[in-house]
Structure formats: structure tokens, C-alpha cells
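In what follows, a structure is listed as C-alpha cells, so that the remarks can point back to it.
The values are calculated or read from the model by the stated rules, or taken from the named source; none is laboratory data. As the structure is a prediction and not an experimental result, all values here were calculated from the model. A quick note on method: Cβ atoms are made from the backbone with ideal geometry, for glycine too, and the neighbour counts reach across all protein chains shown. Side chains included, ligands, DNA and RNA excluded: accessible areas come from the protein's heavy atoms. Shrake-Rupley method; radii C 1.70, N 1.55, O 1.52, S 1.80 Å.
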Amino acid sequence: MLAGLDDEQRSAVTAPAGPVCILAGAGTGKTRAITHRIAHRALSGQIAARHVLAVTFTARAAAEMRARLVTLGVDGVQARTFHAAALRQVRYFAPRLLRGRAMPELVDSKARLVTLAAARGGLRADRTVARDLAGEIEWAKSSLVEPGEYEIAAAKSARDTPFEAAKVAQVYAAYEEIKRGNGVIDFEDLLRAAVWAVEEHPDVADQVHSQYRHFVVDEYQDVNPLQQRLLEAWLGGRSDLTVVGDASQTIYSFTGASSTHLIDFPRRHRDATVIRLVRDYRSTPQVVGFANAIIRQARGAEARLRLELVGQRPPGPEPDINVLPDEPAEAAAVAKRCAALIGDGTPPREIAVLFRTNAQSEAYEGALAEAGVPYVVQGAERFFERPEVRQAMVALRAAVRSTPPETELPDAVTMALEAVGWRPNEPPPGGAVRERWEALSALAGLADEIGGTLEEFCGELARRAAVQHAPTVEGVTLASLHSAKGLEWDAVFLVGLAEGTLPTMYAKTPEALEEERRLLYVGITRARQWLWLSYASARSPGGRQRRPSRFLPAAQRVEEVGRRAGPVNPAARRRAVNLSCRVCGTALLSGPERKLGRCASCPSDIDEELFDRLREWRVRVAMDQRVPPYVVFTDATLTALAERKPIRTEQLVDIAGIGPRKIGLYGEAVLALVNGAAVDDLVMPEADEKNPASGP
């Protein structure tokens with residue numbers, strides 16, 4: 001159970017019972033750590049598997065957790081989402097709680113009821129408006145805010161409301177009335193019902209507390225106040241709780257999620273064990289270094305818990321930062337690069353194009369289709385709800401009765417899908433037609449994975465449809481940064497990185513801007529090998545110029561200076577983008593690190609004797625020119641010289657802070673010192689009459 005774990009993962013697995021907080025960075029093996037922790041405790045007799053409730057945020061993540069535990073030899077652990085766990089409990093206790101009344105129907109969408117509620121208030125709600133209003137209602141209910149409290153709560157949280165807060169509160173109140181009148185409940189009501197059952201019914205609380213004694217909560221930074229209230233009800237004052245999270249991946253505050261529970265965990269649990277997982281097994285050191293540089297600039301409460309990741313994979317290519325003239329050109333460049341990657345052997349399913357808003361998808365759909373590259377739009381429509389998939393499942397069930405028993409499953413599935421127009425070796429051109437073909441291809445591909453008879457295959461499809469466990473479709477993934485959370489690809493394209501898009505123009509508070517930074521960080525950490533970042537100087541050809549995202553490193557500032565002062569030297573741009581640590585290969589983004597040519601955390605190979613001679617020489621030059629020593633060279637530049645020991649003028653140019661003027665003034669002396677000259681042997685440079693050491 002402990003084999004193959006690193007030291008930090010092993011500490012997480014073997015931590016004693018009680019409150020445990022695992023701060024797990026992207027790609028650090030958190031699922032491995034928590035499943036091994038549960039299995040280790042169960043197999044060593046510390047706990048019984050049936051007494052464990054592990055909670056996560058997606059049905060797929062819960063299913064993966066259960067599967068891993070079974071592989072580790074542990075069965076019976078309840079691994080569910082908050083909503084699935086609440087639904088199970090409410091249904092179980094319904095006869096007792098409702099005294100014979102039927103449990104209300106659970107609505108899976110607020111849209112229809114919200115539209116009716118808006119009409120009562122004189123608002124005409126189209127699909128977009130209804131969605132925005134539903135989002136506000138979900139935020140309020142998840143934050144334990146009642147209709148009468150909404151106005152004040154929205155003001156305190158600086159909500160960007162779709163209408164004035166009083167109107168939204170009116171719609172919220174009408175929504176609750178219509179819902180009660182129709183005898184239905186929503187997902188937030190479900191969680192509230194589970195809380196009410198435990199908090200207000202001692203017999204229910206006793207049974208729940210007897211059943212569940214050990215708790216694990218994944219993605220704890222995404223817990224909202226209502227979910228935290230339910231967790232506390234389940235705990236009932238007990239402390240055998242393990243939480244796992246990463247404050248730097250807090251990107252859902254607009255839904256009511258709050259990293260406060262994770263940040264304050266050690267304070268609320270004074271005896272808590274805190275473990276940090278920082279070894280990144282997902283991404284190359286170059287991607288990891290870039291992610292670290294982005295999040296290192298973060299401010300606010302979440303920044304107190306940020307983790308400095310350490311890449312564990314072999315070195316890879318530097319992040320590729322690109323500036324395109326306009327958005328159509330940006331989309332075309334991305335499509336061209338995707339096609340090249342696929343041509344070089346990268347499977348399309350291992351490539352993703354990530355953007356801030358779903359509205360950006362259309363340009364990339366068109367560009368990829370034009371380039372003949374298959375694609376899949378993540379989150380646009382659930383896989384098993386696609387019309388062609390539903391039609392195919394009907395055809396498969398019908399084929400159970402007509403297919404000879406001796407037919408191999410892949411052949412039986414292919415024949416059934418051919419009946420609905422799919423041809424296995426005849427992919428159509430790109431676009432929507434190709435997307436439908438790829439969906440059915442993914443369905444056919446499951447036949448090899450699942451095995452068994454056609455009837456068993458149909459049963460497994462029904463089970464997967466119930467939990468939305470969709471197969472991987474062969475195509476480049478187009479997804480918003482929010483929907484990409486928890487996923488990873490070999491190659492990731494982060495596009496539209498311009499001010500007003502990322503950060504969005506609606507991010508007006510320091511807290512909102514920091515969440516936008518974390519969103520970019522999440523996008524970067526989805527990449528295993530290749531990372532492309534780009535922005536368009538204008539939305540449309542010849543359009544108004546705009547600035548790159550403030551979160552991008554100095555490479556984009558080179559471009560901005562070029563627009564003001566003339567053409568950009570291509571070599572200068574390459575140096576700005578590609579400068580990497582000479583020790584570990586990580587991309588260098590901060591000024592001091594770029595000057596040193598290495599990460600601040602990497603070991604120094606400084607020549608102390610050379611550094612002392614350089615410093616003595618600098619003092620004499622400064623005194624002779626009547627300027628402070630740092631005007632000649634900064635300490636960081638002296639350190640870089642003593643570490644890198646340049647022996648030619650061209651090598652001096654590679655050290656940030658040494659430009660043509662300083663090479664002219666001091667280059668000969670510096671090279672002589674590096675070659676062993678004594679300070680007394682050097683002739684001090686003559687002072688410039690006006691400003692002896694000005695310039696770069």
C-alpha cells in the first residue's frame with residue numbers, strides 16, 4: 001500500500017486519525033494519496049470500509065475513486081458527490097420524515113420555473129437571462145441566503161447581478177413560491193433537506209452518525225456554505241475528517257464556493273495534521289515553472305496557501321507565447337498547429353483548446369473544421385443526451401433480439417450502428433457531421449473496452465448514462481477554462497489572453513481579478529508536454545488595438561514596447577519567451593531569476609573569489625564616477641557574472657541588465673576579471689560628463 005509513493009504522499013496515507021488537511025497541487029497525485037489512505041486504514045484494521053463516506057464534486061470522480069479502491073482490495077466505501085449522498089439519505093429517510101407523503105420530484109433544471117418567476121415580476125427572460133437568474137438563485141441558496149436577504153448579501157459580495165438586486169430578489173421569491181406550488185424541489189433544496197433531517201431529527205442523526213464515522217472531502221476549496229453545513233451535520237462534532245484541496249485552484253466563487261473552509265481548516269482544527277503535496281508528475285518542468293511564475297504573483301487569502309510545484313518529468317519544450325494580429329488569425333494559427341501535432345502523431349483527444357468564455361468556441365470550431373481537424377465541444381451537450389447517441393442506443397437494444405449469439409461484440413455493435421448510418425472507416429469532413437461520427441465511433445470503441453454480450457453491453461451503457469460516464473471521443477477538445485478543471489492533455493492551447501477577456505472585463509474587484517489569475521493557472525496546469533499561449537492584438541482585422549493579459553510574463557511587454565517604438569527584434573522576443581533555468585530547465589519569468597539564469601531555488605555555482613573581485617572593482621568604479629555602486633551593476637548582475645563566468649562579449653549580452661552601453665564602458669574590464677585579472681591591474685573607465693553610468 002505504501003510502495004511507489006513519494007515521501008509526502010506516504011505521510012498523507014499514514015497520517016493519524018483525526019483532522020487531516022492535504023494541500024495538493026495540480027498533478028501531485030492527490031487521488032492516489034486519498035484512496036491509498038482509505039485503503040491503508042481499512043486493510044490495517046483501523047476503520048471499516050462501510051463506515052467511510054468520501055465526497056467529491058463529479059460523478060465521474062466518485063466512480064474513479066470507487067474503482068481505485070476496489071483495485072486496492074477495498075470494497076464498500078461510499079464515494080459519492082454531495083448531491084448523490086444527500087439524495088440517497090433523503091430517499092432512505094423519506095417515509096419517516098414525510099409521514100407517508102410522497103417525496104417531491106427533483107427538477108434537474110431551473111430554467112422553466114425561473115422564466116415563470118421572471119414573468120411575474122414583469123421581466124421577459126430569454127434563455128440567456130433565465131440562465132443568469134438561475135445562477136443568482138443557486139448562488140443565494142448555496143450561500144444560505146434567503147430571498148429577503150438577497151439584496152444586502154449581493155451588495156456585500158459585489159455580485160454582478162443581471163438586473164438590479166431588488167428585481168432579482170423578487171424573482172427569487174417568486175421562484176420559491178412557484179416551486180412549492182408545483183410540489184417540486186431543486187438540488188439546493190435536496191442538500192437543505194439532508195441538513196434538516198440530521199439537525200432536527202435525533203433518530204436520523206443517530207443512524208447517520210452510526211453509519212458514517214470517517215469522512216474524506218476532495219476539492220475542498222470548492223465547498224460552498226450549504227455543503228459545509230451538511231458536512232458538519234454528518235460529522236456531528238466528531239473529527240475523523242480528511243480534506244484535500246488547492247487554494248490556487250479556487251475558480252468557482254461565482255457559484256458560492258469558498259476556499260475559506262480550506263484556508264481556515266488548521267485554525268478551526270488546532271490538532272490538524274497538514275501535508276503538502278508539491279511533486280508534479282503531470283507536467284514537464286517547463287510547464288510547471290511557468291505555472292509557478294504565474295501564481296507566484298497572486299495576492300489575497302488564497303495566496304497564503306499557494307504551493308511551489310516541483311516538476312518530476314523529463315524536460316520538454318518551452319511554453320510557446322504567440323501574438324497574432326486578430327482573432328481570426330489566432331484561430332487559424334491554432335488550427336494549423338493542431339493539425340501539425342496530429343500529423344506528428346499526437347492523438348486529437350490529447351489536444352485541447354481552452355478559452356475564458358463559451359462564446360469564443362465558434363471561431364475555433366470554424367478554423368478546425370476548415371483545417372480538417374476533428375473536434376469535440378466540452379460541456380456543450382452531455383454525451384448520452386446527444387440525439388445520435390440516443391438513437392444509437394435504441395438501435396443497439398433492438399439488435400439484441402436479432403443478432404446471432406455467436407456474433408463477436410465489436411461486430412454486433414458495428415452492425416447496429418451501421419443501421420443508423422454510421423460507417424466505421426468513412427469519417428466525413430470536419431464540422432458538426434464529423435462530430436456526430438466521432439461520437440458514434442467512441443460508442444463503438446467501448447465494445448473493445450467492455451466486452452461481454454450485446455445485452456450486457458447495453459446494460460453497461462445504461463449504467464454509464466445514468467452517471468454520465470462518457471467515453472473519450474476522438475477529437476480536439478474545445479472547452480472553457482472552468483469546464484477543463486480536473487482534466488489534462490498532452491497539448492494545451494490557451495487562447496484569447498487579452499485584457500477584457502482574461503481577466504474578463506467584469507472582474508472589477510481585487511478578489512475577482514485574483515480568481516481570473518487562478519483560472520489561467522488552472523489552464524496552464526492542464527498541459528503535460530506542450531503549452532501554447534496566445535492573444536490577438538485586435539478582435540477583427542484592422543480593429544482597435546488591445547493589450548495582452550496583465551497575467552502574462554514580460555514577453556508580451558516586449559511586444560507592447562515594439563508597438564510604441566517600432567518593430568520588435570525577433571531575437572529579443574525569443575529571449576524573452578524562451579529563457580530557461582540552466583540548472584533545471586524551467587522557464588524563467590521574474591527579473592532576478594532571468595538575470596541569474598536560474599531559479600532562485602536552484603543551487604548556486606557562484607565563484608566566490610570572482611564575486612569579491614567584481615564587487616571591489618565596482619566600488620572603485622563607483623567612487624571614481626561619483627555614483628552609487630548599483631548604478632554600475634546591481635548585486636544580481638554581479639552574482640550572475642560570478643556564476644556564469646562569461647569569456648566572450650556575446651556571452652555578456654545574454655545576461656539581463658548588460659546592454660551595449662555597459663559593454664562599451666565595462667565589458668573589457670569584466671572579461672579581464674573573469675579571466676583572472678587583479679583589480680589593481682585594471683584601468684578604471686572614464687566618466688561620462690553628464691551621467692557616467694546611465695543606460696542599460
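Structural remarks
- With Cα atoms, 0 to 90° folded angle of helix 225-235 axis to the chain main axis: 70
- Fraction in percent of alpha-carbon pairs per bin - 10 Å, the chain: 3, 12, 19, 23, 20, 12, 6, 4, 1, 0, 0
- Inter-probe distance in nm under a simple model that places probes 7 Å from Cα toward Cβ, at ALA419 and GLU199: 5.3
- Separation in nanometres of the label points that stand 7 Å from Cα toward Cβ, at ALA119 and ASP448: 5.2
- Nonlocal amide H pairs with LEU277, under 5 Å, H built at 1.01 Å: LEU23, ALA24, GLY25
- Mean residue ellipticity (222 nm) of the chain, computed from DSSP H runs ≥ 4 via -39,500 (n - 2.57), nearest 500: -15000 deg cm²/dmol
- Placing unit charges on the Cβ atoms only, positive for Lys and Arg and negative for Asp and Glu, gives the chain a dipole magnitude near 980 debye about its Cα centre.
- Whole-angstrom gap from segment 157-178 to segment 646-679, using each part's C-alpha centre: 66
- Stokes-Einstein D (µm²/s) once Rh is taken as the Kirkwood radius of segment 38-107 over alpha-carbon pairs, at 20 °C in 1.002 mPa s: 158
- A straight Cα-to-Cα reach below 13 Å connects LYS645 with the aspartates and glutamates ASP605, ASP607, GLU608, GLU609, ASP654, residues fewer than 8 places away in its own chain not being considered.
- Amide H contacts of ILE251 (H built 1.01 Å from N, under 5 Å, at least 5 apart or other chain): none
- Test item: Cα-centred dipole of segment 1-66, Lys/Arg +1 and Asp/Glu -1 on Cβ, debye: 260
- Segment 300-339: C-alpha gyration tensor shape, a/c 1.5 cut-off, then a/b vs b/c: oblate
- Extension gain (nm, one decimal) between ASP320 and THR649, 0.36 nm per residue minus Cα-Cα: 115.6 nm
- Given R0 = 35 Å, the distance between the Cβ atoms of THR407 and THR71 translates into a calculated FRET efficiency of 0.65.
- In the context of the full protein assembly, SER258 retains an accessible surface of approximately 30 Å², using a probe radius of 1.4 Å and ignoring ligands and nucleic acids.
- Cα gyration tensor shape of segment 209-343, rounded if a/c is under 1.5, else prolate or oblate by comparing a/b with b/c: prolate
- Under 12 Å, Cβ to Cβ, from TRP196 - net charge with Lys/Arg +1 and Asp/Glu -1: -1
- Rel. contact order, % - alpha carbon contacts under 8 angstrom, at least six apart, segment 91-221: 30
- Spatial separation of Cα centroids for segment 619-640 and segment 250-269, in angstrom: 48
- Table column - 3J(HN,Hα) (Hz), segment 344-350, Karplus curve with 6.51, -1.76, 1.60, x for Gly and Pro: 8, x, 6, x, x, 5, 9
- Think of the chain as a dipole: +1 on every Lys or Arg Cβ, -1 on every Asp or Glu Cβ, centred on the Cα centre; then among VAL621, GLY236, PRO374, GLY236 lies furthest on the positive end.
- Dipole of the chain, positive direction: furthest Cα of GLY445, THR414, PHE57, with charges on the beta-carbon: PHE57
- Remark: the Cα gyration tensor places segment 472-535 in the prolate category, a/c being 1.5 or greater and a/b exceeding b/c.
- Computed from the C-beta positions of ILE152 and ALA678, the FRET efficiency with R₀ = 56 Å rounds to 0.15.
- Computed E for VAL274/MET505 - FRET, C-beta separation, R0 30 angstrom, nearest 0.05: 0.20
- Counted charge near ASP612, where neighbours are those whose Cβ lies closer than 15 Å (Asp, Glu -1; Lys, Arg +1): -2
- Sequence ranges 320-333, 405-418, ranked by mean other-Cβ count within 10 angstrom, highest first: 320-333, 405-418
- DSSP beta bridges in the chain [antiparallel fraction, %, rounded to 5]: 5
- Nearest 10 degrees, 0 to 90: helix 111-120 Cα axis against the chain principal axis: 90
- Between 0 and 90°, nearest 10: helix 608-625 axis offset from the chain longest Cα axis: 60
- Potential extension, GLU164-ARG96 segment - 0.36 nm per residue separation minus Cα distance: 20.3 nm
- Label-to-label distance, ARG238 versus ALA303, with points set 7 angstrom from Cα along the beta-carbon direction: 4.0 nm.
- Taking all protein chains together and rolling a 1.4 Å probe, ARG112 ends up with roughly 150 Å² accessible.
- Entries of LYS30/LYS508; LYS141/LYS167; LYS336/LYS485 with Cα pairs more than 28 Å apart: LYS30/LYS508
- Taking the centroid of alpha carbons for each part, segment 100-119 and segment 23-68 are 34 Å apart.
- Protection-proxy order for peptides 42-48, 455-461, 285-291, each taking the mean of Cβ atoms within 10 Å per residue, highest first: 285-291, 455-461, 42-48
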